[in-house]
Amino acid sequence: MRKIKQTVRKYLLNILISMDQTTNTITGGDPDETISSRLGKIERWHDFRIPWYLPLTRFLVWLLNKLDPAHCQKSIEEDEGRNGVIPPPGGKKNDSRITDIARGDKHV
């Protein structure tokens, strides 16, 4: 019985992750990146003070961080995000600063 519960739990988690990645793709993000990772990168780019002109981003980061402290920062996938249609925060897709940020540098 325990094995069945673990299998069902894993199955449901996989579905939630796929829905998360699909939503990220629909909104112009990388198909293999979660919304939390994308939000974490936006949050980091803005030195953890998301500007007023990004109200939905501010709300989602606030909500996710209330449910799980530092959720968006813990969810950052450094190796994902380069295949999105909308450029990552701070520049164009091929901007060298994006690579530096992915390595952990805040601003170059």
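Quick note: the coordinates plus some simple rules give every number you see, no bench work behind them. None of these values were measured; they are calculated from a predicted model. Note: ideal-geometry Cβ built from the backbone for every residue, glycine included; neighbour counts use all protein chains shown.
Run through every distinct alpha carbon pair of the range 1-47 and return the Kirkwood hydrodynamic radius in angstroms, one decimal place. Mind showing how you got there, number by number?
Working: mean 1/r = 0.0835 Å⁻¹.
Computed over the range 1-47, the radius equals 12.0 Å.
Which chymotrypsin sites (Phe, Trp or Tyr not before Pro) in the range 1-49 pass both tests, a DSSP loop state and at most 13 other beta-carbon atoms within 10 Å? All intermediate terms of the calculation are to be shown ahead of the outcome.
Values: sites: TYR11, TRP45, PHE48; in loops: PHE48.
Sites meeting the loop and neighbour criteria: PHE48.
For the range 44-58, take each phi angle, set θ = phi - 60°, evaluate the Karplus expression 6.51 cos²θ - 1.76 cosθ + 1.60, and give the result in whole Hz per residue in order, putting x for glycine and proline.
With the stated coefficients, the range 44-58 comes to 5, 4, 8, 6, 6, 10, 5, x, 4, 7, 10, x, 5, 4, 4 Hz.
What does the highest-first list of 59-71, 21-33 look like by mean Cβ count within 10 Å?
Numbers: 59-71: 13.2, 21-33: 16.4.
In descending order of packing, they fall as 21-33, 59-71.
Let me check I've understood the local charge: for ILE50, count other residues with C-beta under 13 angstrom from its C-beta, Lys and Arg +1, Asp and Glu -1. What total comes out?
On the way: positive: ARG38, LYS41, ARG44, ARG49, ARG58; negative: GLU43, ASP47.
Net of charged neighbours comes to +3.
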